[in-house]
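Trainee: Have a look at this one.
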(Lines give C-alpha, C1' and ligand atoms only; values in the text may rest on other atoms or scores of the structure.)
Protein backbone atom coordinates (compact mmCIF):
# COMPACT_ATOMS: atom_id res chain seq x y z
CA UNK A 1 0.00 0.00 0.00
CA UNK A 2 1.35 3.42 -0.95
CA UNK A 3 0.86 5.48 2.22
CA UNK A 4 0.41 9.21 2.79
CA UNK A 5 3.99 9.24 4.05
CA UNK A 6 5.17 7.75 0.72
CA UNK A 7 3.19 10.33 -1.23
CA UNK A 8 4.68 13.17 0.79
CA UNK A 9 8.19 11.76 0.32
CA UNK A 10 7.79 11.49 -3.46
CA UNK A 11 6.70 15.14 -3.56
CA UNK A 12 9.38 16.47 -1.21
CA UNK A 13 12.27 14.89 -3.11
CA UNK A 14 11.03 16.52 -6.31
CA UNK A 15 10.94 19.94 -4.65
CA UNK A 16 14.66 19.74 -3.93
CA UNK A 17 15.94 17.62 -6.84
CA UNK A 18 16.31 18.12 -10.55
CA UNK A 19 15.26 20.83 -12.97
CA UNK A 20 11.84 21.76 -14.24
CA UNK A 21 10.98 20.70 -17.77
CA UNK A 22 8.27 22.12 -20.04
CA UNK A 23 6.60 18.75 -20.70
CA UNK A 24 5.58 15.67 -18.75
CA UNK A 25 8.66 13.59 -19.48
CA UNK A 26 9.15 9.88 -18.65
CA UNK A 27 12.64 8.36 -18.82
CA UNK A 28 13.20 4.62 -18.25
CA UNK A 29 16.73 3.88 -17.02
CA UNK A 30 17.86 0.28 -16.59
CA UNK A 31 21.20 -0.92 -15.20
CA UNK A 32 23.33 -4.06 -15.67
CA UNK A 33 22.83 -4.86 -19.38
CA UNK A 34 25.66 -6.98 -20.77
CA UNK A 35 26.81 -8.47 -17.48
CA UNK A 36 26.33 -12.19 -16.88
CA UNK A 37 25.57 -12.41 -13.16
CA UNK A 38 24.19 -15.96 -13.16
CA UNK A 39 25.49 -17.85 -16.18
CA UNK A 40 22.94 -20.68 -16.30
CA UNK A 41 20.34 -22.68 -14.36
CA UNK A 42 22.94 -25.38 -13.70
CA UNK A 43 25.40 -22.84 -12.33
CA UNK A 44 22.73 -21.49 -9.98
CA UNK A 45 21.92 -25.02 -8.75
CA UNK A 46 25.61 -25.72 -8.16
CA UNK A 47 26.04 -22.43 -6.29
CA UNK A 48 23.17 -23.45 -4.02
CA UNK A 49 24.72 -26.89 -3.46
CA UNK A 50 28.01 -25.20 -2.57
CA UNK A 51 26.27 -23.02 0.02
CA UNK A 52 27.20 -19.78 -1.74
CA UNK A 53 23.61 -18.96 -2.70
CA UNK A 54 20.27 -20.40 -1.62
CA UNK A 55 16.67 -20.49 -2.76
CA UNK A 56 16.03 -17.36 -0.67
CA UNK A 57 18.86 -15.37 -2.21
CA UNK A 58 18.03 -12.03 -3.78
CA UNK A 59 16.16 -11.90 -7.08
CA UNK A 60 19.40 -10.75 -8.67
CA UNK A 61 21.15 -13.93 -7.55
CA UNK A 62 18.26 -16.14 -8.62
CA UNK A 63 17.15 -14.62 -11.94
CA UNK A 64 19.62 -12.06 -13.27
CA UNK A 65 21.50 -13.25 -16.35
CA UNK A 66 22.67 -11.91 -19.68
CA UNK A 67 19.87 -10.95 -22.08
CA UNK A 68 19.05 -13.48 -24.80
CA UNK A 69 17.35 -12.71 -28.11
CA UNK A 70 13.88 -13.66 -26.85
CA UNK A 71 14.25 -11.32 -23.87
CA UNK A 72 14.98 -8.39 -26.20
CA UNK A 73 12.28 -9.28 -28.74
CA UNK A 74 9.61 -9.36 -26.03
CA UNK A 75 10.86 -6.14 -24.43
CA UNK A 76 11.03 -4.28 -27.74
CA UNK A 77 7.51 -5.42 -28.65
CA UNK A 78 6.17 -3.91 -25.43
CA UNK A 79 8.05 -0.63 -25.89
CA UNK A 80 6.86 -0.22 -29.48
CA UNK A 81 3.24 -0.97 -28.56
CA UNK A 82 2.76 2.19 -26.46
CA UNK A 83 2.98 5.71 -27.93
CA UNK A 84 3.29 9.14 -26.37
CA UNK A 85 1.48 12.32 -27.44
CA UNK A 86 3.84 12.71 -30.40
CA UNK A 87 3.28 9.16 -31.61
CA UNK A 88 6.72 8.04 -30.42
CA UNK A 89 7.26 4.63 -28.83
CA UNK A 90 8.41 4.17 -25.26
CA UNK A 91 12.19 4.29 -24.89
CA UNK A 92 14.53 2.45 -22.55
CA UNK A 93 18.03 3.63 -21.67
CA UNK A 94 20.04 0.46 -20.92
CA UNK A 95 23.18 1.16 -18.90
CA UNK A 96 25.75 -1.32 -20.22
CA UNK A 97 28.52 -3.33 -18.64
CA UNK A 98 30.16 -4.31 -21.88
CA UNK A 99 32.39 -7.22 -20.73
CA UNK A 100 32.45 -10.24 -18.43
CA UNK A 101 35.38 -12.18 -16.97
CA UNK A 102 36.76 -14.87 -19.27
CA UNK A 103 36.85 -17.62 -16.66
CA UNK A 104 38.56 -20.14 -18.94
CA UNK A 105 41.49 -17.88 -19.79
CA UNK A 106 41.91 -16.76 -16.18
CA UNK A 107 42.05 -20.41 -15.11
CA UNK A 108 44.53 -21.19 -17.89
CA UNK A 109 46.81 -18.44 -16.53
CA UNK A 110 46.78 -20.23 -13.16
CA UNK A 111 44.66 -17.32 -11.88
CA UNK A 112 47.52 -14.86 -12.33
CA UNK A 113 46.22 -12.78 -15.25
CA UNK A 114 42.79 -11.23 -15.66
CA UNK A 115 41.10 -11.74 -19.04
CA UNK A 116 37.71 -10.52 -20.24
CA UNK A 117 35.31 -11.17 -23.09
CA UNK A 118 32.73 -8.81 -24.55
CA UNK A 119 29.09 -9.52 -23.84
CA UNK A 120 28.70 -10.62 -27.46
CA UNK A 121 31.56 -13.13 -27.00
CA UNK A 122 29.87 -14.35 -23.80
CA UNK A 123 26.71 -15.08 -25.77
CA UNK A 124 28.64 -16.73 -28.60
CA UNK A 125 30.46 -18.98 -26.12
CA UNK A 126 27.19 -20.30 -24.65
CA UNK A 127 25.50 -20.62 -28.05
CA UNK A 128 23.06 -17.76 -27.43
CA UNK A 129 24.26 -15.11 -29.87
CA UNK A 130 21.34 -15.74 -32.27
CA UNK A 131 21.66 -12.38 -34.03
CA UNK A 132 21.42 -10.47 -30.76
CA UNK A 133 23.87 -7.78 -31.88
CA UNK A 134 21.61 -7.04 -34.85
CA UNK A 135 18.66 -6.88 -32.45
CA UNK A 136 20.42 -4.27 -30.32
CA UNK A 137 21.33 -2.24 -33.39
CA UNK A 138 17.78 -2.51 -34.71
CA UNK A 139 16.42 -1.29 -31.36
CA UNK A 140 18.78 1.67 -31.49
CA UNK A 141 17.84 2.47 -35.10
CA UNK A 142 14.12 2.42 -34.21
CA UNK A 143 14.65 4.70 -31.22
CA UNK A 144 13.51 2.09 -28.71
CA UNK A 145 16.97 1.86 -27.14
CA UNK A 146 19.42 4.68 -26.34
CA UNK A 147 22.43 3.06 -24.60
CA UNK A 148 24.33 4.53 -21.67
CA UNK A 149 27.35 3.33 -19.68
CA UNK A 150 27.63 1.38 -16.41
CA UNK A 151 31.33 0.53 -16.47
CA UNK A 152 33.41 -1.97 -18.43
CA UNK A 153 32.39 -4.83 -16.11
CA UNK A 154 30.22 -4.87 -12.97
CA UNK A 155 33.19 -6.20 -11.03
CA UNK A 156 36.03 -4.75 -8.96
CA UNK A 157 38.68 -6.71 -10.82
CA UNK A 158 41.75 -5.98 -8.61
CA UNK A 159 40.00 -7.06 -5.41
CA UNK A 160 38.43 -10.14 -6.98
CA UNK A 161 41.74 -11.31 -8.45
CA UNK A 162 43.45 -10.73 -5.11
CA UNK A 163 41.00 -13.06 -3.35
CA UNK A 164 41.30 -15.67 -6.10
CA UNK A 165 45.11 -15.65 -5.91
CA UNK A 166 44.90 -15.95 -2.12
CA UNK A 167 42.78 -19.12 -2.57
CA UNK A 168 39.71 -17.86 -0.74
CA UNK A 169 37.58 -21.03 -0.68
CA UNK A 170 34.18 -19.44 -1.34
CA UNK A 171 35.45 -17.13 -4.07
CA UNK A 172 37.32 -19.98 -5.77
CA UNK A 173 34.29 -22.29 -5.58
CA UNK A 174 32.06 -19.58 -7.04
CA UNK A 175 34.60 -19.12 -9.85
CA UNK A 176 34.09 -22.78 -10.82
CA UNK A 177 30.46 -21.90 -11.54
CA UNK A 178 31.17 -18.68 -13.48
CA UNK A 179 30.10 -16.45 -10.58
CA UNK A 180 31.93 -13.57 -8.94
CA UNK A 181 29.29 -11.64 -6.92
CA UNK A 182 29.92 -13.68 -3.76
CA UNK A 183 28.01 -12.17 -0.82
CA UNK A 184 29.54 -11.59 2.61
CA UNK A 185 33.15 -12.36 1.76
CA UNK A 186 35.37 -12.14 4.85
CA UNK A 187 37.45 -8.97 4.84
CA UNK A 188 35.45 -7.02 2.26
CA UNK A 189 34.08 -3.68 3.42
CA UNK A 190 30.44 -2.76 2.83
CA UNK A 191 31.61 -0.49 0.03
CA UNK A 192 33.17 -3.44 -1.80
CA UNK A 193 30.55 -6.04 -0.93
CA UNK A 194 30.28 -8.96 -3.37
CA UNK A 195 32.98 -7.37 -5.58
CA UNK A 196 30.21 -5.60 -7.53
CA UNK A 197 31.33 -1.93 -7.21
CA UNK A 198 33.77 -1.84 -10.12
CA UNK A 199 35.25 1.57 -9.20
CA UNK A 200 36.11 0.77 -5.58
CA UNK A 201 39.84 0.81 -4.77
CA UNK A 202 42.11 0.27 -1.76
CA UNK A 203 45.24 1.86 -3.20
CA UNK A 204 46.54 3.94 -6.09
CA UNK A 205 47.43 0.94 -8.27
CA UNK A 206 43.87 -0.36 -8.05
CA UNK A 207 42.51 3.12 -8.80
CA UNK A 208 44.62 3.39 -11.95
CA UNK A 209 43.65 -0.11 -13.09
CA UNK A 210 39.98 0.77 -12.66
CA UNK A 211 40.46 4.02 -14.56
CA UNK A 212 42.08 2.25 -17.50
CA UNK A 213 39.26 -0.31 -17.54
CA UNK A 214 36.66 2.47 -17.45
CA UNK A 215 38.10 4.14 -20.56
CA UNK A 216 38.55 0.78 -22.30
CA UNK A 217 34.86 0.02 -21.77
CA UNK A 218 33.80 3.23 -23.52
CA UNK A 219 35.93 2.22 -26.50
CA UNK A 220 34.35 -1.23 -26.58
CA UNK A 221 30.72 -0.16 -26.29
CA UNK A 222 31.23 2.47 -28.98
CA UNK A 223 32.81 -0.09 -31.32
CA UNK A 224 30.22 -2.79 -30.67
CA UNK A 225 27.00 -0.78 -30.72
CA UNK A 226 28.18 1.96 -33.12
CA UNK A 227 26.64 4.67 -30.97
CA UNK A 228 27.87 7.61 -28.93
CA UNK A 229 27.70 7.30 -25.13
CA UNK A 230 27.24 10.41 -23.01
CA UNK A 231 25.60 9.28 -19.70
CA UNK A 232 27.16 7.18 -16.93
CA UNK A 233 25.84 5.49 -13.78
CA UNK A 234 28.57 4.20 -11.43
CA UNK A 235 27.98 0.61 -10.28
CA UNK A 236 26.61 0.49 -6.73
CA UNK A 237 26.86 4.29 -6.51
CA UNK A 238 30.62 4.25 -5.87
CA UNK A 239 33.00 6.45 -7.87
CA UNK A 240 35.58 9.25 -7.58
CA UNK A 241 36.52 12.53 -9.23
CA UNK A 242 39.55 10.77 -10.70
CA UNK A 243 37.17 8.66 -12.79
CA UNK A 244 34.95 11.63 -13.64
CA UNK A 245 37.92 13.33 -15.27
CA UNK A 246 38.58 10.27 -17.43
CA UNK A 247 34.90 10.02 -18.32
CA UNK A 248 34.84 13.69 -19.30
CA UNK A 249 37.82 13.20 -21.60
CA UNK A 250 35.88 10.39 -23.30
CA UNK A 251 32.56 12.12 -23.93
CA UNK A 252 30.58 11.46 -20.73
CA UNK A 253 28.64 14.59 -19.80
CA UNK A 254 26.04 13.44 -17.27
CA UNK A 255 26.56 11.21 -14.22
CA UNK A 256 23.89 9.54 -12.11
CA UNK A 257 23.96 10.09 -8.34
CA UNK A 258 24.37 13.47 -6.70
CA UNK A 259 25.07 11.50 -3.50
CA UNK A 260 27.69 8.80 -3.86
CA UNK A 261 30.44 7.10 -1.90
CA UNK A 262 33.97 8.02 -2.92
CA UNK A 263 36.76 5.62 -1.83
CA UNK A 264 39.63 7.12 0.14
CA UNK A 265 42.14 4.48 -1.01
CA UNK A 266 42.52 3.13 2.53
CA UNK A 267 39.61 0.71 2.71
CA UNK A 268 36.94 3.27 3.46
CA UNK A 269 35.34 6.32 1.86
CA UNK A 270 33.17 9.39 2.24
CA UNK A 271 29.66 10.32 1.14
CA UNK A 272 29.99 13.12 -1.40
CA UNK A 273 27.21 15.41 -2.59
CA UNK A 274 27.69 16.82 -6.07
CA UNK A 275 25.66 18.72 -8.66
CA UNK A 276 28.48 19.71 -11.01
CA UNK A 277 32.27 19.49 -11.22
CA UNK A 278 35.30 21.20 -12.72
CA UNK A 279 35.06 19.02 -15.84
CA UNK A 280 31.75 20.60 -16.92
CA UNK A 281 29.80 17.48 -16.04
CA UNK A 282 26.54 17.45 -14.13
CA UNK A 283 25.04 14.92 -11.74
CA UNK A 284 21.41 13.87 -11.40
CA UNK A 285 19.16 11.46 -9.52
CA UNK A 286 16.44 9.05 -10.53
CA UNK A 287 13.15 9.95 -8.91
CA UNK A 288 11.03 6.83 -9.42
CA UNK A 289 11.45 3.06 -9.16
CA UNK A 290 9.80 0.22 -11.05
CA UNK A 291 11.14 -3.14 -9.85
CA UNK A 292 8.40 -5.80 -10.19
CA UNK A 293 10.86 -8.67 -9.69
CA UNK A 294 11.26 -7.83 -6.04
CA UNK A 295 8.26 -5.65 -5.23
CA UNK A 296 4.65 -6.81 -5.03
CA UNK A 297 3.44 -3.23 -5.36
CA UNK A 298 5.76 -1.95 -8.09
CA UNK A 299 3.08 -0.56 -10.40
CA UNK A 300 1.26 1.44 -7.74
CA UNK A 301 4.49 2.76 -6.23
CA UNK A 302 5.83 3.92 -9.57
CA UNK A 303 2.64 5.68 -10.64
CA UNK A 304 2.52 7.63 -7.38
CA UNK A 305 6.18 8.59 -7.77
CA UNK A 306 5.56 9.75 -11.34
CA UNK A 307 2.71 11.91 -10.05
CA UNK A 308 5.08 13.36 -7.46
CA UNK A 309 7.53 14.34 -10.21
CA UNK A 310 4.86 15.83 -12.45
CA UNK A 311 3.40 17.83 -9.54
CA UNK A 312 6.61 19.88 -9.58
CA UNK A 313 7.20 19.89 -13.34
CA UNK A 314 10.12 17.47 -12.98
CA UNK A 315 10.90 14.57 -15.32
CA UNK A 316 9.92 11.13 -14.04
CA UNK A 317 13.26 9.31 -14.21
CA UNK A 318 12.44 5.66 -13.50
CA UNK A 319 14.95 3.10 -12.26
CA UNK A 320 14.05 -0.36 -13.60
CA UNK A 321 16.83 -2.95 -13.49
CA UNK A 322 17.47 -5.52 -16.20
CA UNK A 323 16.62 -8.41 -13.88
CA UNK A 324 12.91 -7.54 -14.20
CA UNK A 325 12.90 -8.62 -17.85
CA UNK A 326 15.17 -11.68 -17.86
CA UNK A 327 13.58 -15.08 -18.44
CA UNK A 328 16.33 -17.60 -19.19
CA UNK A 329 16.65 -18.84 -15.62
CA UNK A 330 13.08 -18.06 -14.57
CA UNK A 331 10.55 -17.49 -17.37
CA UNK A 332 7.94 -16.54 -14.78
CA UNK A 333 10.20 -13.71 -13.62
CA UNK A 334 10.24 -12.21 -17.13
CA UNK A 335 6.50 -12.77 -17.59
CA UNK A 336 5.77 -10.84 -14.42
CA UNK A 337 8.10 -7.98 -15.30
CA UNK A 338 6.98 -7.63 -18.92
CA UNK A 339 3.28 -7.75 -18.11
CA UNK A 340 3.67 -5.10 -15.44
CA UNK A 341 5.83 -2.93 -17.71
CA UNK A 342 3.08 -2.96 -20.32
CA UNK A 343 0.53 -2.11 -17.61
CA UNK A 344 2.74 0.75 -16.42
CA UNK A 345 3.24 2.26 -19.87
CA UNK A 346 -0.46 2.01 -20.72
CA UNK A 347 -1.39 3.55 -17.37
CA UNK A 348 1.03 6.43 -17.98
CA UNK A 349 -0.37 7.42 -21.38
CA UNK A 350 -3.96 7.01 -20.12
CA UNK A 351 -3.44 9.07 -16.97
CA UNK A 352 -1.22 11.68 -18.64
CA UNK A 353 -2.12 11.78 -22.36
CA UNK A 354 0.26 14.70 -22.88
CA UNK A 355 3.27 12.67 -21.73
CA UNK A 356 6.45 12.33 -23.80
CA UNK A 357 8.86 9.39 -23.68
CA UNK A 358 12.52 10.45 -23.57
CA UNK A 359 16.01 9.02 -23.10
CA UNK A 360 18.77 9.91 -20.66
CA UNK A 361 20.56 11.62 -23.54
CA UNK A 362 17.55 13.89 -24.00
CA UNK A 363 17.70 14.82 -20.33
CA UNK A 364 21.45 15.43 -20.59
CA UNK A 365 20.87 17.89 -23.41
CA UNK A 366 18.29 19.77 -21.34
CA UNK A 367 20.29 19.75 -18.11
CA UNK A 368 23.57 20.81 -19.70
CA UNK A 369 21.98 23.66 -21.60
CA UNK A 370 20.42 25.19 -18.50
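The values are calculated or read from the model by the stated rules, or taken from the named source; none is laboratory data. Nothing here was measured: the structure is a model prediction, and the numbers come from that model. Heads up, the Cβs are rebuilt from the backbone with ideal geometry, glycines too, and the neighbour counts pull from every protein chain shown.
Trainee: If we scan the range 47-64, do we find a residue that is under 26 Å from residue 215 (Cα atoms) and surrounded by 17 or more Cβ atoms within 10 Å (Cβ to Cβ)?
Mentor: Yes: the range 47-64 contains one or more residues that are under 26 Å from residue 215 (Cα atoms) and surrounded by 17 or more Cβ atoms within 10 Å (Cβ to Cβ).
Trainee: Check 187, 151 and return the single one that is within 30 Å of residue 88 (Cα to Cα) and either touching a helix residue (DSSP H, G or I) at 6+ places or on another chain (Cβ under 7 Å) or surrounded by fewer than 16 Cβ atoms within 10 Å (Cβ to Cβ) (or both).
Mentor: Every option except 151 fails the conditions.
Trainee: From 29, 23, which residue is surrounded by 18 or more Cβ atoms within 10 Å (Cβ to Cβ) and either within 30 Å of residue 361 (Cα to Cα) or at pLDDT below 95 (or both)?
Mentor: Step by step, each of 29, 23 is checked, and only 29 is surrounded by 18 or more Cβ atoms within 10 Å (Cβ to Cβ) and either within 30 Å of residue 361 (Cα to Cα) or at pLDDT below 95 (or both).
Trainee: Among the listed residues 214, 246, 220, 199, identify the single one that is within 21 Å of residue 37 (Cβ to Cβ) and surrounded by fewer than 20 Cβ atoms within 10 Å (Cβ to Cβ).
Mentor: 220
Trainee: Among all residue pairs at least 6 apart or on different chains, which show Cβ distances below 8 Å where the first residue, located in the range 205-216, is under 16 Å from residue 266 (Cβ atoms) and the second is in a helix (DSSP H, G or I)?
Mentor: Listed pairs, sorted by first residue: 205/158; 206/158; 206/159; 207/242; 210/157; 210/158; 210/243.
Trainee: Being within 20 Å of residue 305 (Cβ to Cβ) and out of contact with any helix residue (DSSP H, G or I) (no Cβ under 8 Å at 6 or more places or on another chain) is the filter here; which residues of the range 340-365 pass it?
Mentor: Answer for the range 340-365, where residues must be within 20 Å of residue 305 (Cβ to Cβ) and out of contact with any helix residue (DSSP H, G or I) (no Cβ under 8 Å at 6 or more places or on another chain): 346, 349, 350, 353, 354, 356, 357, 358, 359, 360, 362, 363.
Yes/no per residue for (1) touching a residue at least 24 places away in the same chain (Cβ under 8 Å); (2) in contact with a strand residue (DSSP E or B) (Cβ under 8 Å, 6 or more places away or on another chain); (3) closer than 27 Å to residue 156 by Cα; (4) surrounded by 14 or more Cβ atoms within 10 Å (Cβ to Cβ):
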residue: 259; (1), (2), (3), (4): yes, yes, yes, no
residue: 272; (1), (2), (3), (4): no, yes, yes, yes
residue: 291; (1), (2), (3), (4): yes, yes, yes, yes
residue: 296; (1), (2), (3), (4): no, no, no, no
residue: 320; (1), (2), (3), (4): yes, yes, yes, yes
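Trainee: Also, I was wondering about something else. Which condition does residue 227 not pass, out of (1) assigned to a helix (DSSP H, G or I); (2) closer than 30 Å to residue 288 by Cα, if it passes all the others?
Mentor: (1)
Trainee: Right, next: List the helices (runs of 4 or more DSSP H) inside the range 57-126, counting only whole elements, that have at least 1 residues being within 30 Å of residue 350 (Cα to Cα) and out of contact with any strand residue (DSSP E or B) (no Cβ under 8 Å at 6 or more places or on another chain).
Mentor: 69-80
Trainee: Moving on. Are there any pairs with C-beta distances below 8 angstrom linking a residue in the range 109-124 that is touching a residue at least 24 places away in the same chain (Cβ under 8 Å) to a residue that is surrounded by fewer than 14 Cβ atoms within 10 Å (Cβ to Cβ) and assigned to a helix (DSSP H, G or I), with the two at least 6 apart or on different chains, and if so which?
Mentor: Short answer, once both residue conditions are applied: 111/165; 112/165.
Trainee: Continuing with this model, one more query. Which of the residues belonging to the range 299-317 are out of contact with any strand residue (DSSP E or B) (no Cβ under 7 Å at 6 or more places or on another chain) and either over 21 Å from residue 362 (Cβ atoms) or not in a loop (DSSP other than H, G, I, E, B) (or both)?
Mentor: Correct list: 299, 300, 303, 304, 307, 308, 311.
Trainee: Next up: Restricting the search to the range 127-137, which residues are in contact with a helix residue (DSSP H, G or I) (Cβ under 8 Å, 6 or more places away or on another chain) and either assigned to a helix (DSSP H, G or I) or at pLDDT 95 or above (or both)?
Mentor: 132, 133, 135, 136, 137
Trainee: Same structure again: Go through the range 325-348 and give me each residue that's surrounded by 18 or more Cβ atoms within 10 Å (Cβ to Cβ) and touching a residue at least 60 places away in the same chain (Cβ under 8 Å).
Mentor: 325, 326, 327, 328, 329, 330, 333, 334, 338, 341, 345, 348
Trainee: So, one more: Filter the range 274-296 down to the residues that are modelled with pLDDT under 95 and either under 11 Å from residue 340 (Cβ atoms) or in a helix (DSSP H, G or I) (or both) and list them by number.
Mentor: Scanning the range 274-296 gives 294, 295, 296.
Yes/no per residue for (1) in a loop (DSSP other than H, G, I, E, B); (2) farther than 22 Å from residue 96 by Cβ:
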position: 179; (1), (2): yes, no
position: 185; (1), (2): yes, yes
position: 194; (1), (2): no, no
position: 199; (1), (2): yes, no
position: 212; (1), (2): no, no
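Trainee: Would a scan of the range 78-89 turn up a residue that is under 21 Å from the mean Cα position of the chain (by Cα) and under 26 Å from residue 209 (Cβ atoms)?
Mentor: There is no residue in the range 78-89 that is under 21 Å from the mean Cα position of the chain (by Cα) and under 26 Å from residue 209 (Cβ atoms).
Trainee: Condition (residue is more than 18 Å from the chain's Cα centre (by Cα), at pLDDT 95 or above, outside any helix (DSSP H, G or I) and over 21 Å from residue 33 (Cα atoms)) applied to the range 330-346: is it met by at least one residue?
Mentor: Within the range 330-346, not a single residue is more than 18 Å from the chain's Cα centre (by Cα), at pLDDT 95 or above, outside any helix (DSSP H, G or I) and over 21 Å from residue 33 (Cα atoms).
Trainee: Can you find a residue that is surrounded by 16 or more Cβ atoms within 10 Å (Cβ to Cβ), at pLDDT 95 or above and part of a loop (DSSP other than H, G, I, E, B) anywhere in the range 6-20?
Mentor: no
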